[in-house]
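Note sheet for the following structure.
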Amino acid sequence: MAVLKLLSVLFLSAQLCAGHRGRGSRTGAEFGKRKKVTYEPQAVFRVFSPEVDMEDTCTVKLFQQQTLQSCGFNSSHPLVIITHGWSMDGLIENWVTKLATALKSSQKDINVLYTDWRTLAHQHYPIAAQNTRIVGRDLAMLLMWLEDFIQVPVSKVHLIGYSLGAHISGFAGSNLAMSGKTLGRITGLDPAGPLFEGMSASDRLSPDDARFVDAIHTFTQQHMGLSVGIKQPVAHFDFYPNGGSSQPGCQLHVKNLYAHLSQYGLMVYHFQFRIQLFTQIERIDPSLSITLTGTQGESETLPIVLEEEISGNRSYSFLITQDRDIGDLMMLYISWEDVPLWANMWSRMKTIMPWRNKDNEPQLTVGRIRVKAGETQQKTGFCAQSEDSASIHPAEQKLFVRCDENPLRSRRVTSRRRHQHAPE
């Protein structure tokens, strides 16, 4: 039995090591093996070819080497990636093809990719703005894989993003920075203003996101109390042609956005979360989601996007936004979606660990949850209903309810007061 336990521990250790993130010095093959079972990008990466319609272009798929070869990707050539912005109709706009063609014409030996995130961009503008972090992480994963697998250095990659795409490029750069890598260049074409103006450098495109960042501000003119393009400087060099206010003949997309915001409004309902998480696994990157229940309704199930992996006992911050008012928060449901790595690992563990119980499974312990409402700045604490329900395993959902910021301290105070007033 002791030998069997030892073999089980060794097997578990090997499986967990396979799930860790890639770091710069490790080989591309190791990176692919670790990540391909745990990460599925939501964006599509298309390789531009002048002879092929953009809708029919070849796509590069993460961790699938054959797609690089079939798409004619040349690792010795420079790499430029174009990222579009918010989409009104879900179609690829003509400017993407024109820009890609111009890049190919000026420098024939160049790889031009296009980040197609229309499924996430063809939403209400506030939802699309929230999705920029997801796409930024997708883009960072692509670049890390290309560097580790076929030695395309991220330091020589040029990202060009329009509107929301500019901030996506920034989030890609900041994700790379957390892995110890520095992106070469970002060009922001009229970076989006709504929900980004006035935000901290970590919540928008900033000079910290690449070795060189330049931005062209072309529509900062205010209407309905906001400007489509961001006014504040966001780069090492910020250009404001025609003063940056407006450009003759380039206002159609602006009118569309204002019409959309007039009809649906600008998302102003957001919550800043600070959550304490504990795991005994060295590093883990679970797929977590949250559902909010308020006094005026319930939200959809929304992904929790953390800027880094979970390790040890730490607190993490994330932002959740809503396009409608659900009132004061009363309950939170946090879910851990099962993923192939854990499902495969534990199904195999069952066959060699007949004494297995739920305590042996990978788990997260959720500690303090603090939420600040963006509109009212009201702070609320949430906690599990019992100590047992504070731990969450893969494929589980747990409920957290409003409580005192320090419920343990509150119970102690209450107990002490009762003792002081007890009859002798």
query: Got a sec to turn the phi values of the stretch 46-60 into Karplus ³J(HN,Hα) couplings, 6.51 cos²θ - 1.76 cosθ + 1.60 with θ = phi - 60°, whole Hz, x for Gly and Pro?
result: 9, 9, 6, 9, x, 8, 10, 4, 4, 5, 9, 5, 5, 10, 8
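What is the local net charge at Lys372, summed over the other residues whose Cβ is closer than 9 Å to its Cβ (Lys, Arg +1; Asp, Glu -1)?
So the surrounding residues net to +3.
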statement: One finds the C-alpha centres of the stretch 173-210 and the stretch 60-97 to be spaced, in Å, by 20 Å
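Between their Cα atoms, which of Lys181/Lys379; Lys104/Lys181; Lys61/Lys108; Lys108/Lys231; Lys181/Lys372 are more than 30 Å away from each other? Present the calculation step by step, with values, prior to reporting the outcome.
Numbers: Lys181/Lys379 36 Å; Lys104/Lys181 27 Å; Lys61/Lys108 23 Å; Lys108/Lys231 35 Å; Lys181/Lys372 32 Å.
Pairs exceeding 30 Å: Lys181/Lys379; Lys108/Lys231; Lys181/Lys372.
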field: Amide H contacts under 5 Å for Ile160, placed H, 5+ residues apart
entry: Ile81, Ile82, Thr83, Thr187
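Find, to one decimal place in angstroms, the Kirkwood hydrodynamic radius of the stretch 44-264, where the mean of 1/r is taken over every pair of different Cα atoms and then inverted.
Values: mean 1/r = 0.0572 Å⁻¹.
Mean inverse Cα-Cα distance, inverted, gives 17.5 Å.
Quick one: net charge of Ile168's neighbours, Cβ under 14 Å, K/R +1, D/E -1? Spell out each step's value before the answer.
Values: positive: Arg118, Arg133, Arg137, Arg204; negative: Asp116, Asp138, Asp190, Asp203, Asp209.
Counting the neighbours of Ile168, the net charge comes to -1.
For the stretch 298-338, divide the Cα radius of gyration by the Kirkwood radius and give the resulting Rg/Rh value with two decimals. Write down the numbers at each step before the final one.
On the way: Rg = 12.5 Å, Rh = 12.7 Å.
Ratio value, two decimals: 0.99.
Every read-out reported here was derived from the displayed coordinates using simple, explicitly stated rules and does not represent laboratory data. Being a predicted model, the structure only gives us computed values, none of them experimental. Backbone-built Cβ (ideal geometry, glycine too); neighbour counts: all protein chains shown.
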